[in-house]
Each structure stands twice: as C-alpha cells, then as structure tokens.
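Data first, discussion second: the structure below is written as structure tokens.
No lab work stands behind these numbers, since they all come straight from the coordinates. None of these values were measured; they are calculated from a predicted model. With ideal geometry, Cβ positions are generated from the backbone for all residues, glycine too; neighbour counts draw on all protein chains shown.
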Ligand code: RB5
C-alpha cells in the first residue's frame, strides 16, 4: 500500500519509527513533512496528506501531532476525508471496519512507539465492512454536499 504521512514538530521521532515500521512491512511511504524540529503549524501537513489521499496519490494517510487532534481536524475539512484519532487498536479497527476512515491520526504526546505500531498494524489489517455501514458513511458525505 502507498501511505502518505504528515506531522508537526512534536512527532518527528515517532514518525521516523512509524516510517521504518511501514517500510519493513513492504509499504511505500510518502513523507509530506515536517522534517524540522522547529515549531510549525499542523494544519499545513494535515491538508497536504488529506489532498494526497483524495487525489489518489496515496491510498491512505497517517497524521501525527501532539494529540492527533489538530492535524485530524484540519484533514477533515478536505472533502472526502474521514480522519480518526485512535489511541488504541480497538478504535483503529472500528474506524476502518465501520467508518471506512481513510486517515489515521494519533498523538505523539499520547501514545508511545510500540502502541502506535499496534494501532497502525490494526488499521492496515482491517477492511471496511460495507453493508449498513456504507449507508452511514454515505450520510456523512451527504453532509459535505450540503456545505456547497
Ligand atoms: C503543538 O504544540 C500542539 O498543539 C499540536 O501538536 C497538537 O497537539 C494540536 O492538536
């Protein structure tokens, strides 16, 4: 799978761990930054990854900031994005299985490296279930249409 990854300054070390983990599993990773420890604005990187997911440049996205919140909120402003903050594997599984989320977010100040890898692994191993969940995801998309 081709995965876009983005982060702010709080997540440099964790991102490096996650990229290594993904590449060892045979995934292709596109790094949208930041790669500087200087304080930066997470919406920039949330939007970059979100646009890459929507355009099909990457299959799915991973976003990391301090909490996972700000960067996922930014990504969720892009039409077609369903970004979920997951701090444990159960939510990550449900976010794929029931919500067909296309971006996983978590917080570098919330989860450690090993837990983050379990979350990522669960996310990547879980397929959308469809059925009644498709109707609900379509309802979310319909809300976006009303904004235009
Ligand atoms: C940066 O200090 C911090 O606000 C950011 O990483 C993130 O947690 C925002 O939601």
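Some observations on this one:
- Most fluctuating residue given options 49, 29, 110, as computed from a GNM of the chain linking Cα atoms under 10 Å: 110
- Expected 222 nm ellipticity per residue - DSSP helices of 4 or more, -39500 (n - 2.57), all of the chain, to 500: -15000 deg cm²/dmol
- Estimated FRET transfer efficiency when R0 is 35 angstrom, pair residue 129-residue 38 (beta carbons, to 0.05): 0.25
- Order of 14, 63, 115 - criterion: other Cβ atoms within 10 Å of each residue's Cβ, fewest first: 115, 14, 63
- Between helix 132-146 and the chain: long-axis angle, C-alpha atoms, 0 to 90°, nearest 10: 90
- Computed from Cα atoms, the angle from the helix 113-125 axis to the main principal axis of the chain rounds to 30 degrees.
- Pairwise FRET efficiency - residue 12 versus residue 114, Cβ, R0 = 22 Å, nearest 0.05: 0.80
- Estimated from the Cβ-Cβ distance and a Förster radius of 35 angstrom, the FRET efficiency linking residue 21 and residue 145 is about 0.40.
- The stretch 75-129 shape via C-alpha gyration tensor axes, a/c threshold 1.5: oblate
- Shape analysis of the stretch 44-141 places it in the oblate category; the axes a ≥ b ≥ c from the Cα gyration tensor give an a/c of at least 1.5, with a/b not above b/c.
- Relative to the longest principal axis of the Cα atoms of the chain, the long axis of helix 42-55 makes an angle of roughly 50 degrees.
- For the chain, the antiparallel share of DSSP beta bridges with both residues in that region comes to about 0%.
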